[in-house]
Amino acid sequence: MKSYLTTVAVSASILLAACSGAPLVPYSTEGPPLTLVPASNAGVVDRRGRFREVACAVFEARGDSLPHNRDCEEAFTRVGSEAGATGQEVDLGASTFKLVGALVPGIGWECFEDWLKYENEFSRHMAQFGFEVYIIDVAGMSGSTFNARLIRDAIINNKEQLQGKKLVLIGYSKGAPDTLEAIVMYPEIRPYIAAVVSVAGAVGGSPLAYAADEVDLDLLKHIPGSNCTGGDGKAVESLLPAVRQAWLAANPLPDDILYYSLVTFPDREHMSSVLNSSWKKLAKVDPRNDSQLIIYDQVIPGSTLLAYLNADHWAVAVPISEQHPFIGRHFVNHNTYPRQHMFEAVMRMIEEDLEALDR
């Protein structure tokens with residue numbers, strides 16, 4: 001058990017192993033000119049009010065029938081005033097657009113997937129409403145450009161099954177930039193894609209990557225049952241803020257796809273103790289972080305901002321405590337989150353938007 005704890009609690013986060021007394025973001029004149037502005041000035045549409053209405057309707061309807069139910073208010077973090085509430089009724093019936101949610105996981109996922117004994121926790125619940133959910137396999141230790149090709153191939157190889165349906169690509173953590181690169185590099189997949197969602201996405205990279213090294217990821221290979229593939233070994237490089245910002249500056253996103261951002265921003269009482277170390281390191285840049293990413297680095301430019309979630313970087317997508325209760329009690333001690341409730345809310349919101357566009 002101790003070896004399990006050491007490998008997962010330290011190495012599953014790419015950056016916990018790295019220590020440095022130097023500034024977390026090094027002095028550099030490279031990269032594009034940057035500015036920090038309110039989301040609306042970056043073309044981001046704040047619709048948190050409406051998404052809260054949709055999510056709270058799901059919470060009320062599903063309640064304890066789904067794991068980790070909690071009060072809807074507690075599931076969110078309020079940041080300033082929320083815009084976009086409409087008061088309209090929320091349709092919780094069958095999917096009219098046959099939406100297919102394709103999850104693109106984050107760094108190292110394939111390495112610890114077997115250790116987690118992970119099964120698609122969303123598929124069975126969503127299927128009863130006509131939604132499909134599956135996971136796109138990417139290389140957990142590879143860069144975004146490498147994984148973009150894998151995403152492209154996964155879509156093209158399943159294009160027959162996608163006929164008459166609308167695909168929603170949901171990028172978690174590094175899965176978000178992997179997804180964005182795919183839709184820019186491979187225009188042939190765009191006709192199948194209705195929307196892209198960043199969930200705690202490393203859209204702008206993470207300052208923690210400056211203190212890390214690809215060698216740190218080798219620890220993931222020692223997780224019992226690890227099935228890491230080599231790939232190109234550029235996972236950490238892909239998370240450097242200078243790399244991500246340069247890519248965003250050079251690659252305008254296609255305007256025929258809907259974009260959404262779901263940001264993780266927990267209060268300290270909802271952050272697992274094992275993540276405190278990386279939170280403190282990242283707090284040298286900005287304390288408004290989820291232990292791996294600063295809140296503004298999780299937002300896709302020009303997207304619809306759905307919510308700030310009261311969950312740390314792992315709790316929103318990586319179910320550790322269910323399969324490993326000892327670790328869950330003592331180290332990853334705030335890992336439970338109403339993920340299925342929130343996933344349904346995201347799909348409901350997207351379907352609502354697609355219906356509005358069809359009118």
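The values are calculated or read from the model by the stated rules, or taken from the named source; none is laboratory data. For clarity, every value in this text was computed on a predicted model and none was experimentally measured. Because the Cβ atoms are built from the backbone with ideal geometry, glycine has one as well, and the counts that use them run over all protein chains shown.
Can you pull out the residues in segment 87-117 that are among the aromatic types (F, W, Y) and in a loop (DSSP other than H, G, I, E, B)?
If we filter segment 87-117 for residues that are among the aromatic types (F, W, Y), which is where we start, we get 97, 109, 112, 115.
Listed by number, the list holds a single entry, F97.
Does A311 satisfy being small (G, A, S) and touching a Phe, Trp or Tyr at 6+ places or on another chain (Cβ under 9 Å)? Don't jump to the end; show me each part of the working.
On the way: small (G, A, S): yes; touching a Phe, Trp or Tyr at 6+ places or on another chain (Cβ under 9 Å): yes.
It is true that A311 is small (G, A, S) and touching a Phe, Trp or Tyr at 6+ places or on another chain (Cβ under 9 Å).
Evaluate segment 17-28: report whether one residue or more is under 30 Å from W109 (Cα atoms) and modelled with pLDDT of 95 or more.
First, the residues of segment 17-28 that are under 30 Å from W109 (Cα atoms): 17-26.
With modelled with pLDDT of 95 or more added as a condition, the list becomes none.
Within segment 17-28, none of the residues are under 30 Å from W109 (Cα atoms) and modelled with pLDDT of 95 or more.
Of the residues that sit in segment 302-359 and are in a loop (DSSP other than H, G, I, E, B) and touching an Asp or Glu at 6+ places or on another chain (Cβ under 6 Å), which one is surrounded by the fewest Cβ atoms within 10 Å (Cβ to Cβ)? If you could, list the steps in order and put the result at the bottom.
Of all residues in segment 302-359, those in a loop (DSSP other than H, G, I, E, B) come to 302-303, 310-319, 324, 331-338, 359.
If we keep only those that are touching an Asp or Glu at 6+ places or on another chain (Cβ under 6 Å) too, we end up with 312-313.
Numbers: D312: 30, H313: 27.
Once the filter is applied, the top-ranked residue is H313.
E160 passes all but one of (1) without any contact (Cβ under 8 Å) to a residue 12 or more places away in the chain; (2) part of a helix (DSSP H, G or I); (3) of a type in the set (D, E, K, R); which number fails?
The failed condition is (2).
Restricting to segment 227-252, give me the number of residues that are outside any loop (DSSP other than H, G, I, E, B) and farther than 11 Å from S206 by Cα.
Qualifying residue count for the region: 6.
Can you tell me how many residues in segment 267-291 are in contact with a Phe, Trp or Tyr (Cβ under 9 Å, 6 or more places away or on another chain), in contact (Cβ under 8 Å) with a residue 60 or more places away in the chain and either small (G, A, S) or under 21 Å from E74 (Cα atoms) (or both)? Talk me through it step by step, then tell me what you get.
From segment 267-291, those in contact with a Phe, Trp or Tyr (Cβ under 9 Å, 6 or more places away or on another chain) are 268, 270-275, 286-291; that's our starting set.
Adding the requirement that they be in contact (Cβ under 8 Å) with a residue 60 or more places away in the chain leaves 270-275, 290-291.
Subsequent filtering for residues that are either small (G, A, S) or under 21 Å from E74 (Cα atoms) (or both) retains 270-273, 275, 290-291.
The total comes to 7.
I need the full set of residues from segment 77-97 which are surrounded by fewer than 13 Cβ atoms within 10 Å (Cβ to Cβ), within 25 Å of the chain's Cα centre (by Cα), farther than 16 Å from E53 by Cα and among the polar types (S, T, N, Q), in order please.
none
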